[in-house]
Amino acid sequence: MKSRLFIVAGLAGCLSLFNACDDYLDRAPDDKITEQQVFTRYEKVDELVTDFYANAKAANKPLIYFNHFGLASISDECSASSHEQSIPHQFHVGNYGPLQGMPNNSDAGQYWNGLYSKIRKANIILEGVEKYNTPDNPQDGRTGDLKRRIGEVYFMRGYLHYLILRAYGEAVFMDHVVNPDDDMAFQKESFHSMVEKICADADVAYEHVDSWNGGQYFGRVDKGACLGLKAIVRWMAATPMWNGGNLPNDKRVFQNEYGYDAKRWEAAKQAAKAVLECRKDDGSLRYRLYSKYDQDDFRDIDGKTGMNNQKVQQRLWQMFYDMESIQEEWVWFVTRDKDTGWSGDILPPSQGGHARQRPLQEQVDEYEYVGPDGYGYPIYGSRAKADGYDDENPYESVKRDPRFYRDIRYHGSWYGGTQLNTAVGNDAVSGSYLDQASHTGYYLRKYFKDGWNRNMGGHIINGPAVWRLPAFVYIYCEAVNETSGPNDEIYKLINEVRARSFMAPMPPTVKTDKKLMNEYIQRERRVELFYENDRYWHSRLYLEPDDSEQLALEAAYKDANSYPYPKTQRFSHGMKPVEDANGKIEIGGKHYKMVRFVVEDGRIFNSPRSYFWPILQEELKRCPTLVQNPGWE
């Protein structure tokens, strides 16, 4: 092996399921560097790990998961334009499978073969360091760097398996290098077995990495990220998909292991609590909610006021840009996922954009209003109309959650001193700019520096985060609610997240009503984590398309005005303005009322097929002992 070229040793197995046919070692000036020469030098291993960071992070880009689109575009958060091969549309019509492959299958490696290719690289590094007893960093003051790098690779290996688990369910945990002449008789293991192995990798990583990384090392794996990985997979293991839910026509290999077990929620609670209580070496909390700027500060990027009609506080958009927020609230993230190009694509046509992701009414309806009593309530609740909510003037008849005004541009909204008009002109619903203008009546606003335009130059976005602190607040609160019921502690925690966004608290009645508390937690998660690659997976983990209450809503569904809409992933809706002399919305001297309409009523969601991504047929041929995912047989 020592005489073998490392470029060969590292990339062997290209014909196997776990292929690694990519530019893994492009740092080498030629193909003469050997495996031994790499792993007997710390600086070479450091280069491998640094490259591996970029490679592994590319598998889960939050803004551009499908190269040009986020996962929001294949959920009930957003619809999408037909640009760039209409990738989201391919999901909605079911144009993917074991034979034809996945939409945008040549992308960053977020599918089965690409993820296992990256896992193979992790195992190559770990085995090489052990085999050649790689020395530590010789640089003065950097003792322990090799230990840190080993921890980082263990975390990444667990993280990549988490991405497989999330999309495919039962799979194979690979903890060693696979070569072409090895036995390919791999078999799936249960979801819960995979979770335990991911947690084991996270535990090893935790013991190797620092409590916090500052300066040039910020963004590398720290102890909080390791705890976050454990909490996320423990939560997944506790959700209905893997813990007592009823999956129709269930053909999972280990379905007998997925009955309800309250201990799984207890494990999720403890794992999330560890994140919330994570501390730095000096004893201070590692994470805290961003709280800079006060409720009356509506300044935009130029420091001006009045450009957004006093609707979007500076804190709400700065939380995605201010390094104080990123350093203290973001648990794991991808730096500079996309920048000016993405921002330009999202803008309305009147600002030179293509509006590639268009928010849906399903998402808009989840933003609560503030009632006369000072508490937050859903707009589809029994008291909404009595409190003043008017569906023909849904944005201003009552005060909505401030995150709504930060996340969504709607008919009559202000941005950069200009009022959006979706009735006439380039931004009109179903107007002459059909492929560029929104066909839902909404435009995305989240992640924009308030008032930014293309002519202002760079618009670098450091995220969104893969996991932010609020996600673990919700996991902890949901787990407490499931195991012991609602209480003052979780009521306070959730209200702290709401208050950070200047949103009114939940009504006190949730403290004595487990079902109501759960409804608020799920709605809060959906609002706070909008467009952060959460909703698509969440709807499946909770088996919403086959939930009895959601199916009842679907059975009773009549038309666009029959809301709340079922969460069965088969419908999408929007709102459009209609000129009306009695309308409460005034733009350019004209009055309008808003009218709901159906955007799509034929999105495909078939159970159990649509809960899992298919394993490509070519992979099954290489490894015939593997079992295809349910519904794709």
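The values are calculated or read from the model by the stated rules, or taken from the named source; none is laboratory data. These figures come from a predicted structure and were not determined experimentally. Don't worry about glycine lacking a Cβ; one is built from the backbone with ideal geometry, like all the others, and counts go over all protein chains shown. Remember, those area values only see protein heavy atoms, side chains included, never the ligands or the DNA or RNA. Shrake-Rupley method; radii C 1.70, N 1.55, O 1.52, S 1.80 Å.
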Q: Report Rg/Rh for the chain, rounded to two decimals, where Rg is the Cα radius of gyration and Rh the Kirkwood radius.
A: 0.97
Q: Grab the beta carbon distance between Lys515 and Glu257, set R0 = 30 Å, and tell me the FRET efficiency rounded to 0.05.
A: 0.65
Q | Estimated FRET transfer efficiency when R0 is 35 angstrom, pair Ser86-Ala499 (beta carbons, to 0.05) | A | 0.30
Q. Quick one: how many lysine pairs in segment 99-256 have C-alpha atoms under 25 angstrom apart, if they're 8 or more apart or on different chains?
A. 23
Q. With each run of n ≥ 4 DSSP H residues scored as -39500 (n - 2.57), what mean residue ellipticity at 222 nm is computed for the chain after dividing by its residue count and rounding to the nearest 500 deg cm²/dmol?
A. -10500 deg cm²/dmol
Q: Whenever you get a sec, compute what percent of the accessible area on segment 288-364 sits on carbon and sulfur atoms (1.4 Å probe).
A: 39 percent
Q: With a ≥ b ≥ c taken as the square roots of the eigenvalues of the C-alpha gyration tensor of segment 313-433, please select rounded if a/c is under 1.5 and otherwise prolate if a/b is larger than b/c or oblate if it is not?
A: oblate
(Q) Within 10 Å of each candidate Cβ there may be at most 15 other Cβ atoms; applying that plus a DSSP loop requirement, which trypsin sites (Lys or Arg not before Pro) in segment 196-273 survive? (A) Lys251
Q.
Show me, for segment 501-513, the HN-Hα J-couplings you get by feeding each phi into the Karplus relation (A = 6.51, B = -1.76, C = 1.60, θ = phi - 60°), rounded to Hz, glycine and proline as x.
A. 9, 6, 9, 5, x, 5, x, x, 4, 5, 6, 10, 9
Q: Average the reciprocal distances over every distinct pair of alpha-carbons in segment 33-97, invert the result, and give the Kirkwood radius in Å.
A: 14.6 Å
Q. Over segment 159-235, what lengths in whole Å, largest first, do the semi-axes of the equivalent ellipsoid take, defined as the square roots of 5 times the eigenvalues of the alpha-carbon gyration tensor?
A. 27, 16, 10
Q | Under 18 Å from the Cα of Lys584 - aspartates and glutamates, other chains or at least 8 residues apart | A | Asp387, Asp390, Asp391, Glu392, Glu396
Q | Radius, Kirkwood style, for segment 470-524 when every pair of distinct Cα atoms is counted (Å) | A | 10.8 Å
Q) How long is the gain from Val424 to Asn95 if the chain were fully straight, where each residue apart is worth 0.36 nm and the alpha carbon distance is subtracted? A) 115.0 nm
Q) Expressed as a fraction of 2.2 N^0.38 Å, the rule-of-thumb size for a compact globular protein of N residues, what is the C-alpha radius of gyration of segment 238-335? A) 1.69
Q) Can you give the accessible area per residue of the chain, in Å², using a 1.4 Å probe? A) 37 Å²
Q: Return the Rg/Rh value of segment 426-505, two decimal places, where both radii are evaluated on C-alpha atoms and Rh is the Kirkwood radius.
A: 1.17
Q: Using only the Cα atoms, work out Rg/Rh for segment 86-240, with Rh taken as the Kirkwood radius, to two decimals.
A: 1.02
Q | C-alpha center-to-center spacing [segment 528-599, segment 463-481] in angstrom | A | 25 Å
Q: Mind running the shape call on segment 91-182? Use the C-alpha gyration tensor, a ≥ b ≥ c as the square roots of the eigenvalues: rounded below 1.5 for a/c, prolate if a/b tops b/c, oblate otherwise.
A: prolate
Q: Count the DSSP beta bridges whose two residues both fall in the chain, then state the antiparallel fraction as a percent rounded to the nearest 5.
A: 95 percent
(Q) I need two numbers for segment 245-396: Rg to one decimal and Dmax as a whole number, Cα atoms only, in Å. (A) 21.8, 60
Q.
Let me check the size of segment 189-292 from its C-alpha atoms; what are the radius of gyration and Dmax in Å?
A. 16.5, 53
Q. Using bins 5 angstrom wide from zero, how does P(r) for segment 503-633 break down, in % of all Cα pairs?
A. 2, 8, 11, 13, 15, 15, 12, 10, 6, 3, 2, 1, 1, 0
Q.
Could you derive backbone 3J(HN,Hα) for segment 288-300 from the dihedral phi with the Karplus parameters 6.51, -1.76 and 1.60 (θ = phi - 60°), listing whole Hz in sequence and x where the residue is Gly or Pro?
A. 7, 6, 5, 9, 5, 6, 9, 5, 9, 9, 10, 5, 9
Q: Using only the Cα atoms of segment 122-167, build the gyration tensor, take square roots of its eigenvalues as a ≥ b ≥ c, and label the shape rounded, prolate or oblate: rounded if a/c is under 1.5, else prolate if a/b is larger than b/c, else oblate.
A: oblate
